[in-house]
1. Just to check your reading of the model, which residue among R135, R187 is more than 18 Å from the chain's Cα centre (by Cα), exposed (fewer than 15 other Cβ atoms within 10 Å of the Cβ), more than 28 Å from T50 (Cα to Cα) and not hydroxyl-bearing (S, T, Y)?
2. So V67 clears everything in (1) in a strand (DSSP E or B); (2) touching a Leu at 6+ places or on another chain (Cβ under 9 Å) except one condition, right? Which one?
3. Quick one: count up the residues across the range 202-227 that are in contact with a strand residue (DSSP E or B) (Cβ under 8 Å, 6 or more places away or on another chain) and not in a loop (DSSP other than H, G, I, E, B).
4. Which of the residues spanning the range 23-40 are hydrophobic (A, V, I, L, M, F, W, C), part of a helix (DSSP H, G or I) and surrounded by fewer than 19 Cβ atoms within 10 Å (Cβ to Cβ)?
Amino acid sequence: MSQEMPPARFYNYAFFKVDPKWRWMADLAKSESAKELEGALGQSDVRIRTYSTLGVRDDADLLFWFVADSVEQIQDAVSRIYLTVFGKYITPSHSYLSCTRPSVYSSNPTKSTVSFADNVEAKRYAIVYPFTKTREWYLLPMERRKEMMTEHIRVSQKYPEILLNTTYSFGIHDQDFMLAFETDDVRRFQDLIVDLRETAVSAYVKSDVPMIVCVKKDIIPLIASLG
């Protein structure tokens, strides 16, 4: 009997830069604007997590991470943001679209690698980056690719406390995949990446930048932190 595949979900990582004029607004106005934004997103059909990139990037101050059933739901959520007062003071700096798919390298095709979509509780940090492999990778025999991916997965299993979100961008965005690792310890994630650099698969990486460290913050404290 064939195993039922989980429903597809769309992921969107929407990074924004805040206009410096925002910091000149009265504190009460900023507080009310934060509540307005929280209410607007609460009426959306998407699931959302909010993160700060303040001080760790020069091209983004915050991340809205969406999980939705359709692209239109993501557009609706972003429209709701722009229609708020706070939305008048932000400019998109990166936006990545991807969707969930079963891995062709997994022995269990129904095994999930999308912790957010599965409602697993968020960790303190999310490290987000677009990922593209070389065309030579896809020309290798499937058995050879599976062999190298088995090594890659085995290394990752040394870090069970780090959650994974692997989603696919083929045909719908510029990269092959979007990766978001969730962790409570940034240094531990760095250890994982150092180990993965020594696997055979790393020879077939075309691009894995920008790599963006995001700190989990709810909407009200996130906006309060912007000054």
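1. Values: R187 fails: more than 28 Å from T50 (Cα to Cα).
Answer to the selection: R135.
2. Among (1) in a strand (DSSP E or B); (2) touching a Leu at 6+ places or on another chain (Cβ under 9 Å), the lone unmet condition for V67 is (2).
3. Of the residues in that region, 11 qualify.
4. Within the range 23-40, W24, L28, A29 qualify.
Conditions (1) within 16 Å of the chain's Cα centre (by Cα); (2) over 24 Å from R9 (Cβ atoms); (3) hydrophobic (A, V, I, L, M, F, W, C), marked per residue:
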{"position": "K123", "(1), (2), (3)": "yes, no, no"}
{"position": "V128", "(1), (2), (3)": "yes, no, yes"}
{"position": "H152", "(1), (2), (3)": "no, no, no"}
{"position": "S169", "(1), (2), (3)": "yes, no, no"}
{"position": "D174", "(1), (2), (3)": "yes, no, no"}
{"position": "E198", "(1), (2), (3)": "no, yes, no"}
{"position": "I220", "(1), (2), (3)": "no, yes, yes"}
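This table checks each residue for (1) in a strand (DSSP E or B); (2) hydrophobic (A, V, I, L, M, F, W, C).
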position	(1), (2)
E151	no, no
Y159	no, no
L164	yes, yes
T167	yes, no
D174	no, no
M178	yes, yes
F181	yes, yes
R187	no, no
D195	no, no
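Computed from the coordinates by the stated procedures, all read-outs in this text should not be read as laboratory data. As the structure is a computational prediction, the values presented were derived from the model and not from experiment. Every residue, glycine among them, receives a Cβ derived from its backbone with ideal geometry; neighbour counts consider all protein chains shown.
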